[in-house]
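Any read-out appearing in this document is the output of simple, stated calculations on the displayed coordinates, not a laboratory observation. Predicted model, so just to flag it, every value in this text is computed and none were measured. Positions of Cβ are backbone-derived with ideal geometry, glycine not excepted, and every protein chain shown enters the neighbour counts.
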Amino acid sequence: MQDDLLQQRIENARLMRANRALQRQLRHISSAYPPETLEDRIRRLEADNATLRAQLDAVLSSSSWRVTYPLRLLAARFRTRAQ
């Protein structure tokens, strides 16, 4: 029974240390990025993501991408054999 209590106290101390470390990290992040800045950043990153996805879709659907497929396939096979 004392072993169980000791283990619980050790685990409790470990969790408390981890909690304090997480709270310090949260305070650091919160001070570096106020909530409104985070929301603006999220919106900007989502817009950047949409732009990049559109660019990728344009490349993947281009005729040059389709025409060079056999060449890319052949190059990939040579690379795997070389390794």
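Some points to look at:
- Cβ-based charge dipole, the chain, positive-most Cα from Pro34, Leu56, Asn12: Leu56
- Charged-residue dipole, Cβ positions (Lys, Arg, Asp, Glu), the chain about Cα centre, Debye nearest 20: 520
- Calculated [θ] (222 nm, deg cm²/dmol) that DSSP helices of n ≥ 4 give over the chain, each run adding -39,500 (n - 2.57): -31500 deg cm²/dmol
- With Cα atoms defining each centre, the stretch 45-83 and the stretch 1-23 are spaced 51 Å apart in the structure.
- Restricting the calculation to alpha carbons of the chain gives Rg and Dmax of 26.2, 73 angstrom.
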